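Computed from the coordinates by the stated procedures, all read-outs in this text should not be read as laboratory data. Model, not experiment: these values are computed from the prediction. Please note: Cβ atoms are built from the backbone with ideal geometry, for glycine as well, and neighbour counts cover all protein chains shown.
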């Protein structure tokens, strides 16, 4: 609980210092607010056997590439089965 509260407390300062995707990927792994332009790449990754509130479902991910070429896998959320 205390770790989550500390993480949420960082959210306001992190949002005030928005980074591009390339900058965020090069920075130390702490909470960062990112803002960039780019496009989703073809292909979707589905992770099954995920549960939420007792319901079975899947997590959906898709690769994203910023205009400067940085790439990351974006979590698009959970879908019920």
**Q.** Full-stretch length increase - residue 37, residue 68 - with 0.36 nm per residue and alpha-carbon distance subtracted
**A.** 10.3 nm
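Just for the chain, what percent of DSSP beta bridges are antiparallel, to the closest 5? Don't jump to the answer; show the numbers that get you there.
Working: 18 of 19 bridges.
Once the DSSP bridges in the chain are tallied, antiparallel ones form about 95 percent.
How high is the FRET efficiency from residue 81 to residue 26, r the C-beta distance, R0 41 Å, rounded to 0.05? Mind dumping the intermediate values first?
Numbers: r = 37 Å, r/R0 = 0.91.
For residue 81 and residue 26, the calculated efficiency is 0.65.
Need one word for the stretch 37-81: rounded, prolate or oblate. Basis is the Cα gyration tensor (sqrt eigenvalues a ≥ b ≥ c); a/c below 1.5 gives rounded, then a/b vs b/c decides.
prolate
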Q. Which of the following values of Rg and Dmax of the Cα atoms in Å was calculated from the structure shown: (1) 15.4, 41; (2) 13.8, 46; (3) 18.6, 64?
A. (1)
